[in-house]
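Encoded as structure tokens, the structure appears first; notes follow it.
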Amino acid sequence: MYTFLVLHLLSLFLFSLCRAFVPQTKIDNHPLPFVATKQLASSKEEWTGDFDGFVGDDNTSLSDFLAESRLGRNRDLTAVQTRLFSLGEDLIINDFVGNLGFDEVTDWEYYYDENEKEGVNDRRVVESNPFDQSMPKRTRISSGSVVRVFRAELVGRLGATISSRGLDRRILIKEYSGDLALQLASNEQVAISRLQSQLMEKEKIKGAIEGSWIQCASSRTVLTRKDDAHVGDLLKMLSLSPFLGILGQVNLAEIDDMDPNDFYRALGVRPPKPKSIWIVFEYTGLNTIASYTSMPPEKRRAKQPPKKNFFGSFIPPKPLPPFRERANFIIKGIMKESLSALATLHEAGIVHRSLGRNSFVLSSPSQNKAESSSIYFTRISGLVVKLSDLGFAGLLEDSTKDQAFNSRARSFGLSFRAGDTSLTTTNFAMAEDLHALGFVFLGLLLVSLANLPDANAPMPATDEDTIQKLLNEIFKLDFQAFREYVEAEDVWENLVLLLDEKDGAGWIVLESLFKAREKVAENKNMPRIVTARGLLSNPFFK
């Protein structure tokens, strides 16, 4: 007689900004520090379709890489965790933006245990009935509000310093309160401080490297002018960085005596809870790939605010840019910069572990941060993509300390022990991010390059759960079959032709992302490191 058991395979976390954004992103929650600085692969390599970028030719190279990572494990050259700003003197809060939360998404697999003998693991996977609600393939649980987001502005001497350099004085503040949120804040500070420290080294900023930035930040009340100058230098370097930068924290001890009613009257929300942390981020706008793909371009066009001509008559919205022009912006702009941002993260030895459409902020180097997310905007030089929401990020070398990570690896035939550090563990950790990026890219393409005849035309579902069901449950990652499904929809006719070009380069990119974990399992004995940077060599991005 067979015993029916349930195996919990995948537990992922999705960030969402409840007011301004939509639910998104994947992965596991484990408090990890941060990591290394070493380039894993060169974008100049020839594309082979197999993520062939690698460091060295054996596991010794990987050990050297991770050893160098540990040397800078807790660096904070830009004083992210030291600098405290004063409310009123350094910054003022303009308005409340919304709440951040996350979804816990669980993918389930069902099996019969065919051999109950001790030490024998012989399980036969069975397909669940899609109409049986007691055997779901995927469940989703929302965390509710975890982080509050405010829009603010640098003022006083600091604001004047920033303005004198032609920089944006606007900032974003995230409030973390409660044990879970404080752990997210710690993870984010550690990861970003590591990335910013590497930026200082790359730009050879002597003062930061020698520690004077931290000294000034820790004595900000005395060395205000010097620290203000450092904040200005940091903002300038962050303006074109591929990640959302942190400037410091708000000194909440200064508002302990504030009347809670004053805070509520000013912003319409409750004051900070005790032991909360307010982290100050650079301002890059509030538009993400999630908002960019909230609806197809034709529907967004129909919702444009009405305009009038000289005689007071309403003018219909102008037509969308040509398909090729929009496709070039999406592929060589949004997708390429997003992939490059993830490559930067991995090359720093950090895995994101909660990637989704909300993880990528679409910004601009101009003061109008929203211009690049317009349906009419197609100038790649005016686009800046920022990787954000690193609350669940962790070190590559610490991946196997997370039992859920090891459980997911077992479902691909990989066996890791807690604390293992190997080429395969590194590959699988990065492959999970690449797999999650596949959902982001496919959703972006299906929505933003859909060719609707008019704004009232129906649009097939393109949310992440639907894509997951199509690819995993229906087509079993058979991309030829999936291509036929997409081709059957008239709204995606031009998209299919685009993905077919250059010997199907677009489909190869998508398949490589979605099958990244399978590729790691298949090549577990081969001395190669899977990289996002290597994928940038695909002709699809040329």
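Set the Förster radius R0 to 51 Å, insert the Cβ-Cβ distance between E501 and K308 as r into 1/(1 + (r/R0)^6), and round the FRET efficiency to 0.05.
E(calc), rounded to 0.05, equals 0.75.
Under 5 Å from the amide H of L247 lie the amide H atoms of V280, F281, E282, each residue being 5 or more positions distant or on a separate chain, with H modelled from the backbone and absent for Pro and chain starts.
With r as the distance between the Cβ atoms of S294 and S366 and R0 = 30 Å, compute the FRET efficiency 1/(1 + (r/R0)^6) and round to 0.05. Once the sixth-power term is evaluated, E becomes 0.85. Roughly how far apart, in whole Å, are the Cα centres of the range 444-502 and the range 174-216? Here the two parts' Cα centres lie 40 Å apart. Taking 1.567 mPa s as the viscosity and 4 °C as the temperature, the Stokes-Einstein diffusion coefficient of the range 129-198 based on its alpha-carbon Kirkwood radius rounds to 80 µm²/s. Spin-label model, D256/E325: points 7 Å from Cα along the beta carbon direction are separated by 5.9 nm. Shape analysis of the range 219-288 yields a ratio of the Cα radius of gyration to the Kirkwood radius, Rg/Rh, of 1.05.
The modelled label-to-label distance for the pair M459/S415, using points 7 Å beyond Cα in the direction of Cβ, is 4.8 nm. As an exercise, take the mean of 1/r over every pair of distinct alpha carbons in the range 282-367, invert it, and state the Kirkwood radius in angstroms. About 15.7 Å for the range 282-367.
The value given for the range 336-420 is a Kirkwood hydrodynamic radius of 15.0 Å, derived from the mean inverse Cα-Cα separation. When each of D433, D478, D76 is scored by the number of other beta-carbon atoms lying within 10 Å, the sequence from fewest to most is D478, D76, D433. Here the label points at K401 and K273, each 7 Å from Cα along the C-beta direction, are separated by 2.6 nm in the simple model.
For the range 133-289, the gyration tensor built on C-alpha atoms gives an oblate shape. Its axis ratio a/c (a ≥ b ≥ c) is at least 1.5, and a/b is not larger than b/c. As a proxy for reagent exposure, ranking Y376, Y176 by other Cβ atoms within 10 Å from fewest up yields Y376, Y176. Calculated from the alpha-carbon coordinates, the range 208-259 shows an Rg and a Dmax of 13.4, 42 Å respectively. Values of log10 I(q)/I(0) for the range 382-453 across q = 0.12, 0.18, 0.19 Å⁻¹ run -0.46, -0.79, -0.84, by the Debye formula with one identical scatterer at each alpha carbon and no solvent. Evaluate the Debye formula for the range 470-542 with equal point scatterers sitting on the alpha carbons, no solvent, and hand back log10 of I(q)/I(0) at q = 0.13, 0.21 Å⁻¹, in q order, two decimals. The computed values of log10 I(q)/I(0) come out as -0.45, -1.01. Put simply, when 341-347, 247-253 are sorted by average Cβ atoms within 10 angstrom per residue, most first, you get 341-347, 247-253. The overall shape of the range 437-511 is oblate: from the C-alpha gyration tensor, with semi-axes ordered a ≥ b ≥ c, the ratio a/c is 1.5 or greater and a/b is no larger than b/c.
Coordinate-derived values only; no laboratory data. It should be emphasised that the depicted structure is a prediction, and the values quoted were computed from it without experimental measurement. Methodologically, a virtual Cβ is constructed for each residue, glycine included, from the backbone with ideal geometry; neighbour enumeration extends over all protein chains shown.
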